[in-house]
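For reference, the structure discussed in these notes is given below.
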């Protein structure tokens, strides 16, 4: 990516390089998923209660000023995750090689990034944990200006990716808030596109866990629902697609 970022790694209690390989969780937005959404504490509690398997977490920070460029379905960023970051964590830590035991997730643009990375690299990322994912997003008219959007564009770009591709070996957890409404009535924002994406995935035969929480687009909601996603995705993994 020709930039720098902070990477934090969580290891579960009793972590050992000689143990069976651990599950892997990848989340975005760096310190926000340590301090505001206390992912390490949540993992400690869920592992202690045996709600999920012992898991190593890779918490990926944003390069300065690049969140709005890297996270929204950026193929170069997805390649960075697959070809540089995941190989690094597998060299450095005792983590699984099985994509069915790898979860990639995030909130808002982070949920979008997780979905697009899994779409491009299902052989690496077998589970998506999306909290209020920004599925209203469409590619900007000018790629050099990622924060510009064409008016009245159908907010179903990500859904169309999955409609127009064979079913992939990915499982999904999606959520959205009851207050994440589009006041313009054009179907944008968060809630309606998440419902649409859920319906598209289920129609294609994907395993999808979906819930709507009572809240808005904020970390106060996501700090609770991340545990829901981890527990639901911690069940039986999807079998790989037959060649």
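List of remarks:
- In the stretch 154-182, residue surrounded by the most Cβ atoms within 10 Å (Cβ to Cβ) [restricted to those that are touching a strand residue (DSSP E or B) at 6+ places or on another chain (Cβ under 8 Å) and not in a loop (DSSP other than H, G, I, E, B)]: 176
- Set side by side, the residues 4, 42, 36 differ, and just one is part of a helix (DSSP H, G or I), farther than 19 Å from residue 126 by Cβ and in contact (Cβ under 8 Å) with a residue 40 or more places away in the chain, which is 42.
- Candidates 141, 193 - the one that is more than 27 Å from residue 96 (Cα to Cα) and at pLDDT below 90: 141
- Residues (in a helix (DSSP H, G or I) and touching a residue at least 40 places away in the same chain (Cβ under 8 Å)) located in the stretch 21-32: 32
- Among the residues of the stretch 104-127, the ones that are over 8 Å from the mean Cα position of the chain (by Cα) and farther than 14 Å from residue 168 by Cβ come to 2 in all.
- Looking only at the stretch 117-128, residues that are surrounded by 24 or more Cβ atoms within 10 Å (Cβ to Cβ) and free of Cβ contacts under 8 Å to residues at least 60 places away in the same chain come to 3 in all.
- Restricting 21, 75, 38 to those that are over 26 Å from residue 220 (Cβ atoms) and in contact with a helix residue (DSSP H, G or I) (Cβ under 7 Å, 6 or more places away or on another chain) reduces the list to 75.
- Note on the stretch 45-108: enclosed helices (runs of 4 or more DSSP H) holding 3 or more residues that are without any contact (Cβ under 8 Å) to a residue 40 or more places away in the chain are 86-92.
- Among the candidates 125, 149, the residue that is outside any strand (DSSP E or B) and at pLDDT 95 or above is uniquely 125.
The values are calculated or read from the model by the stated rules, or taken from the named source; none is laboratory data. Since the structure is predicted, the reported quantities are computational estimates derived from the model, not experimental observations. Quick reminder, even Gly has a Cβ in these numbers, built from the backbone with ideal geometry, and neighbours come from all protein chains shown.
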